[in-house]
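Asker: Just dropping this structure here.
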Amino acid sequence: MNRLTTLTPLIRSGFRWVVPSLTRSFHVTQTCRADVKVIESIKDLRAWRRDQMLNSKTVGLVPTMGALHNGHLSLVQSSLEQNDNTVVSIFVNPSQFAPHEDLSNYPRTLETDIAALKSLDSPNPITVFMPPVSEMYPSGISLEVSKQVGAFVEVKGLSEQLEGSIRPHFFRGVATVVTKLINAVGPERIYFGQKDIQQVVVIKRMVKDLLMPTEVVMNPTVREENSLAMSSRNTYLSQDSRSNSNILYKALATGEKLYKSGVSSRNDILSAINAVLEPFATSADGFHIDVEYISISDKITLKEVDKVNPGSGAIISAAIRVPNKEQKQTRIIDNILLD
Ligand code: AMP
């Protein structure tokens, strides 16, 4: 059983973490609740960071928008293991939402988030950075890009396709807020989930091109029991929709299986994925989905590939809209990395 599979039941049963070296040698479980403190201003964060620097302490950063689930907590756990200190930012970033999107309804569960972090077992402390919008956007922020003023970061060539084709200014918002967080925290390492694979590709390029002194670490996607990728937005789904939405992962896994059997043609892999999704896309009632895109793209350039070459591999990814509790639709995304 790998580390992530063991994490889920541990977190469910009160966020206890088994220290691996101790369990291996002495068969005991050590629980040591992480010390959690909250900082809200950049000024206080910088003062705290200066102390860490003077004491030669390393810092890992886990950027989140809160409504924490096991996917987030797996990133925090990695950071706790690899750094002396961990900063978890909880900030619902306005600039990555379009005016018609769910900024005002986005789930905000601060108390449970802090409780979840406090329940992680680690000798290393966690600093929750929870700035108000005015700290992060001192020149103000409009959701309408044409009305925005001030400095923004764009990563060209990687932000327009896939998620960017549906959410045109999304990665500009993400790159901007991650730049601000890196500037404010100065982390040795910054942690992201494979669930949002395009985000990882965009941020890796940004860090490289803008000479940012931090290492980008990607953790695998954490899934619900039925394989649906965990997401804060899964709370929008009805129970029925939540159980059926694993069809997205099943479809991508069918493509992966075909590739592993020796098939490398884009068209063949896409057809196999489509064949799984199609019945739900054409059904008139019940669990009806709309497919936004299915992609087989290069891992670095995110350009679509005609053939998957073993060794270079590819990303197979897709976005679909599924029914939600309000008789509307919620977007879900997922991906699998081919080697
Ligand atoms: P969010 O709060 O949605 O902005 O996500 C914060 C971080 O958690 C991002 O790096 C996401 O990719 C990561 N994340 C979200 N869901 C998952 C998941 N199911 N497994 C692993 N990482 C995740």
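Asker: Looking at (1) within 23 Å of Glu224 (Cβ to Cβ); (2) within 24 Å of the chain's Cα centre (by Cα); (3) in contact (Cβ under 8 Å) with a residue 40 or more places away in the chain, which is the one condition that is false for Lys299?
Answerer: (1)
Table: residues versus (1) surrounded by fewer than 16 Cβ atoms within 10 Å (Cβ to Cβ); (2) among the polar types (S, T, N, Q); (3) modelled with pLDDT of 95 or more.
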{"residue": "Ser283", "(1), (2), (3)": "yes, yes, no"}
{"residue": "Ile294", "(1), (2), (3)": "no, no, yes"}
{"residue": "Lys307", "(1), (2), (3)": "yes, no, yes"}
{"residue": "Ser317", "(1), (2), (3)": "no, yes, yes"}
{"residue": "Gln327", "(1), (2), (3)": "yes, yes, no"}
{"residue": "Ile333", "(1), (2), (3)": "no, no, yes"}
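Asker: Looking at segment 55-68 only, could you name the residues that are within 9 Å of the ligand (Cβ to nearest atom), part of a strand (DSSP E or B) and not β-branched (Val, Ile, Thr)? Spell out how you get there, then give the answer.
Answerer: From segment 55-68, those within 9 Å of the ligand (Cβ to nearest atom) are 62-68; that's our starting set.
Applying the additional criterion that residues be part of a strand (DSSP E or B) yields 62-64.
Of everything in segment 55-68, just one residue is within 9 Å of the ligand (Cβ to nearest atom), part of a strand (DSSP E or B) and not β-branched (Val, Ile, Thr), namely Pro63.
Asker: Just one of the numbered conditions (1) loosely packed, with under 14 Cβ neighbours inside 10 Å; (2) acidic (Asp, Glu); (3) within 26 Å of Phe192 (Cα to Cα) is not true of Asp240; which one?
Answerer: Failing condition for Asp240: (3).
Asker: Filter segment 228-268 down to residues that are within 16 Å of the ligand (Cβ to nearest atom) and small (Gly, Ala, Ser) and give me whichever is farthest from Ser312 (Cα to Cα). Walk me through it before giving the result.
Answerer: Going through segment 228-268, the residues within 16 Å of the ligand (Cβ to nearest atom) turn out to be 228-237, 242, 245-246, 248-249, 252-253.
When the remaining residues are screened for being small (Gly, Ala, Ser), the result is 229, 231-232, 245, 253.
On the way: Ala229: 25, Ser231: 28, Ser232: 32, Ser245: 30, Ala253: 19 Å.
Restricting to residues being within 16 Å of the ligand (Cβ to nearest atom) and small (Gly, Ala, Ser), the top hit is Ser232.
Asker: Of the residues that make up segment 54-69, is at least one among the hydrophobic types (A, V, I, L, M, F, W, C) and without any contact (Cβ under 8 Å) to a residue 24 or more places away in the chain? Spell out the reasoning first.
Answerer: Restricting attention to segment 54-69, the residues satisfying the condition of being among the hydrophobic types (A, V, I, L, M, F, W, C) are 54, 59, 61-62, 65, 67-68.
Next, from what is left, pick out any that are without any contact (Cβ under 8 Å) to a residue 24 or more places away in the chain: 54.
Within segment 54-69 (the criterion being among the hydrophobic types (A, V, I, L, M, F, W, C) and without any contact (Cβ under 8 Å) to a residue 24 or more places away in the chain), the answer is yes, since at least one residue qualifies.
Asker: So which residues in segment 69-92 are more than 17 Å from Ile190 (Cα to Cα) and assigned to a loop (DSSP other than H, G, I, E, B)?
Answerer: The initial filter retains those residues of segment 69-92 that are more than 17 Å from Ile190 (Cα to Cα), namely 69-70, 92.
Those that are more than 17 Å from Ile190 (Cα to Cα) and assigned to a loop (DSSP other than H, G, I, E, B): His69, Val92.
Asker: State which residue pairs qualify: first residue under 17 Å from Arg205 (Cα atoms) and inside segment 168-191, second residue of a type in the set (D, E, K, R) and surrounded by fewer than 22 Cβ atoms within 10 Å (Cβ to Cβ) in any location, beta carbons under 6 Å apart, and separation of 6 or more residues or different chains.
Answerer: Listed pairs, sorted by first residue: Arg172/Glu154; Arg189/Glu215.
For every residue, the table says whether it meets (1) assigned to a helix (DSSP H, G or I); (2) over 20 Å from Gln199 (Cα atoms).
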{"residue": "Tyr106", "(1), (2)": "no, no"}
{"residue": "Lys118", "(1), (2)": "yes, yes"}
{"residue": "Pro123", "(1), (2)": "no, yes"}
{"residue": "Glu135", "(1), (2)": "yes, yes"}
{"residue": "Val149", "(1), (2)": "no, yes"}
{"residue": "Glu160", "(1), (2)": "no, no"}
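Asker: What's the total number of residues in segment 192-205 that are more than 7 Å from the ligand (Cβ to nearest atom) and either closer than 15 Å to Leu61 by Cα or in contact with a helix residue (DSSP H, G or I) (Cβ under 7 Å, 6 or more places away or on another chain) (or both)? Quick ask: steps written out before the conclusion?
Answerer: Filtering segment 192-205 down to residues more than 7 Å from the ligand (Cβ to nearest atom) leaves 197-198, 200-205.
Then drop every residue that is not either closer than 15 Å to Leu61 by Cα or in contact with a helix residue (DSSP H, G or I) (Cβ under 7 Å, 6 or more places away or on another chain) (or both), which leaves 198, 200, 202-204.
Counting residues in segment 192-205 that are more than 7 Å from the ligand (Cβ to nearest atom) and either closer than 15 Å to Leu61 by Cα or in contact with a helix residue (DSSP H, G or I) (Cβ under 7 Å, 6 or more places away or on another chain) (or both) gives 5.
Asker: Suppose the filter is modelled with pLDDT under 95, of a type outside the set (Asp, Glu), buried (at least 20 other Cβ atoms within 10 Å of the Cβ) and in contact with a helix residue (DSSP H, G or I) (Cβ under 7 Å, 6 or more places away or on another chain); does Phe129 pass it? Walk me through how you get there before you give the answer.
Answerer: Numbers: modelled with pLDDT under 95: no; of a type outside the set (Asp, Glu): yes; buried (at least 20 other Cβ atoms within 10 Å of the Cβ): yes; in contact with a helix residue (DSSP H, G or I) (Cβ under 7 Å, 6 or more places away or on another chain): yes.
For Phe129, the condition - modelled with pLDDT under 95, of a type outside the set (Asp, Glu), buried (at least 20 other Cβ atoms within 10 Å of the Cβ) and in contact with a helix residue (DSSP H, G or I) (Cβ under 7 Å, 6 or more places away or on another chain) - is not met.
Asker: In segment 133-167, which residues are free of Cβ contacts under 8 Å to residues at least 24 places away in the same chain and of a type in the set (D, E, K, R)?
Answerer: Residues satisfying the conditions are Lys147, Glu154, Lys156, Glu160.
Asker: Which count do you get for residues in segment 160-173 that are within 15 Å of the ligand (Cβ to nearest atom) and touching a strand residue (DSSP E or B) at 6+ places or on another chain (Cβ under 8 Å)?
Answerer: Pass one, segment 160-173, residues within 15 Å of the ligand (Cβ to nearest atom): 162-163, 167, 170-171, 173.
Checking the rest, the ones that are also touching a strand residue (DSSP E or B) at 6+ places or on another chain (Cβ under 8 Å) come to 162-163.
Residues meeting the conditions: 2.
Asker: Would you mention how many residues in segment 208-227 are more than 9 Å from the ligand (Cβ to nearest atom) and either under 17 Å from the mean Cα position of the chain (by Cα) or assigned to a loop (DSSP other than H, G, I, E, B) (or both)?
Answerer: Pass one, segment 208-227, residues more than 9 Å from the ligand (Cβ to nearest atom): 208-217, 225-227.
Still in the running and either under 17 Å from the mean Cα position of the chain (by Cα) or assigned to a loop (DSSP other than H, G, I, E, B) (or both): 210-217, 225-227.
Total satisfying the criteria: 11.
Asker: Among the residues of segment 174-184, is any within 22 Å of Ile320 (Cα to Cα), within 19 Å of the chain's Cα centre (by Cα) and within 16 Å of the ligand (Cβ to nearest atom)?
Answerer: The initial filter retains those residues of segment 174-184 that are within 22 Å of Ile320 (Cα to Cα), namely 174.
Those left that are additionally within 19 Å of the chain's Cα centre (by Cα): 174.
So of that shortlist, the ones also within 16 Å of the ligand (Cβ to nearest atom) come out as 174.
Yes, segment 174-184 has at least one match.
Asker: Residue under question is Ala98, and the condition is that it be more than 13 Å from the ligand (Cβ to nearest atom), touching a His at 6+ places or on another chain (Cβ under 7 Å) and hydrophobic (A, V, I, L, M, F, W, C); does it hold? Quick ask: steps written out before the conclusion?
Answerer: Values: more than 13 Å from the ligand (Cβ to nearest atom): yes; touching a His at 6+ places or on another chain (Cβ under 7 Å): yes; hydrophobic (A, V, I, L, M, F, W, C): yes.
Judged against the criteria, Ala98 is a match.
Asker: Return yes when Asp113 is outside any strand (DSSP E or B), surrounded by fewer than 16 Cβ atoms within 10 Å (Cβ to Cβ) and out of contact with any His (no Cβ under 7 Å at 6 or more places or on another chain) and no when it is not. So that I can check it myself, show each step before the final result.
Answerer: Details: outside any strand (DSSP E or B): yes; surrounded by fewer than 16 Cβ atoms within 10 Å (Cβ to Cβ): no; out of contact with any His (no Cβ under 7 Å at 6 or more places or on another chain): yes.
Against the criterion (outside any strand (DSSP E or B), surrounded by fewer than 16 Cβ atoms within 10 Å (Cβ to Cβ) and out of contact with any His (no Cβ under 7 Å at 6 or more places or on another chain)), Asp113 does not qualify.
Asker: Let me ask something additional. What are the pairs, 6+ residues apart or on separate chains, where a residue within segment 257-278 that is over 17 Å from Val305 (Cα atoms) and of a type in the set (A, V, I, L, M) has its Cβ under 7 Å from a residue that is part of a helix (DSSP H, G or I) and modelled with pLDDT of 95 or more?
Answerer: Short answer, once both residue conditions are applied: Val276/Ile247; Val276/Lys250; Val276/Ala251; Val276/Thr254; Leu277/Ile247; Leu277/Ala251.
The values are calculated or read from the model by the stated rules, or taken from the named source; none is laboratory data. The shown structure was predicted, so the numbers you read here are calculated from the model rather than taken from an experiment. Neighbour counts run over all protein chains shown; Cβ positions are idealised from the backbone, glycine included.
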